[in-house]
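Colleague: Before we start, here is the structure in question, set down as structure tokens.
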């Protein structure tokens, strides 16, 4: 098979899969994208080539983008592997391969060391935006300026990142799920230098 035929087949499968996931018949999708049901059927079964002027209304009707319909990145490696930073007592799993909407990154983090204290050498970080996390297990120690806040399993925290801050484990390992913007990702997810 040629690369073009492979892409064509992939797009057909995605179109059909998205339609079925929404529970729509060919008639229902046809009404939403202004194509005939028979045209849609021929597109899905490979009896008609997919034209660019058909893809845009199909993507719009199915609630996706042209980029997602024709994306050829492979999912060969579906396992998310941990990144360990022993010096900070932290293991991180990046749960989205690309930044999500508005550049957000979702990560799971496991801490085995307490949050660093302000030593005057930049151990507390400041960056534009907000950080958000929820604690999956253990207790997270959040240093926020002069305050130390304990966030227990099942609790969440959101704070301005313009306040000097750091987080880590309190009396044993702790795991959290966090959402970081671009600046938060750059500040918190890169290994210490």
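The values are calculated or read from the model by the stated rules, or taken from the named source; none is laboratory data. All of these numbers come straight from a predicted model, not from anything done at the bench. Neighbour counts run over all protein chains shown; Cβ positions are idealised from the backbone, glycine included.
Colleague: Can you pull out every residue in segment 49-62 that is exposed (fewer than 13 other Cβ atoms within 10 Å of the Cβ) and either in contact with a helix residue (DSSP H, G or I) (Cβ under 8 Å, 6 or more places away or on another chain) or touching a residue at least 40 places away in the same chain (Cβ under 8 Å) (or both)?
Modeller: If the condition is that a residue be exposed (fewer than 13 other Cβ atoms within 10 Å of the Cβ) and either in contact with a helix residue (DSSP H, G or I) (Cβ under 8 Å, 6 or more places away or on another chain) or touching a residue at least 40 places away in the same chain (Cβ under 8 Å) (or both), then 49 is the only one that fits.
Colleague: Using the structure shown, decide if residue 68 is outside any helix (DSSP H, G or I) and surrounded by fewer than 16 Cβ atoms within 10 Å (Cβ to Cβ).
Modeller: no
Colleague: Can you tell which of 52, 40 is over 30 Å from residue 92 (Cα atoms), at pLDDT below 85 and not assigned by TED's automatic domain parsing to the domain that holds residue 96?
Modeller: After ruling out the rest, the residue left standing is 52.
Colleague: Among residues belonging to segment 30-48 that are within 16 Å of residue 10 (Cα to Cα) and touching a helix residue (DSSP H, G or I) at 6+ places or on another chain (Cβ under 7 Å), point out the one that is surrounded by the fewest Cβ atoms within 10 Å (Cβ to Cβ).
Modeller: Taking the candidates together, the pick is 46.
Colleague: Can you tell me how many residues within segment 82-96 are assigned to a helix (DSSP H, G or I) and surrounded by 14 or more Cβ atoms within 10 Å (Cβ to Cβ)?
Modeller: Going through segment 82-96 one residue at a time, the tally reaches 1.
Colleague: Since residue 57 meets every condition but one in (1) in a helix (DSSP H, G or I); (2) over 19 Å from residue 8 (Cα atoms), which condition does it not meet?
Modeller: Of the numbered conditions (1) in a helix (DSSP H, G or I); (2) over 19 Å from residue 8 (Cα atoms), the odd one out for residue 57 is (2).
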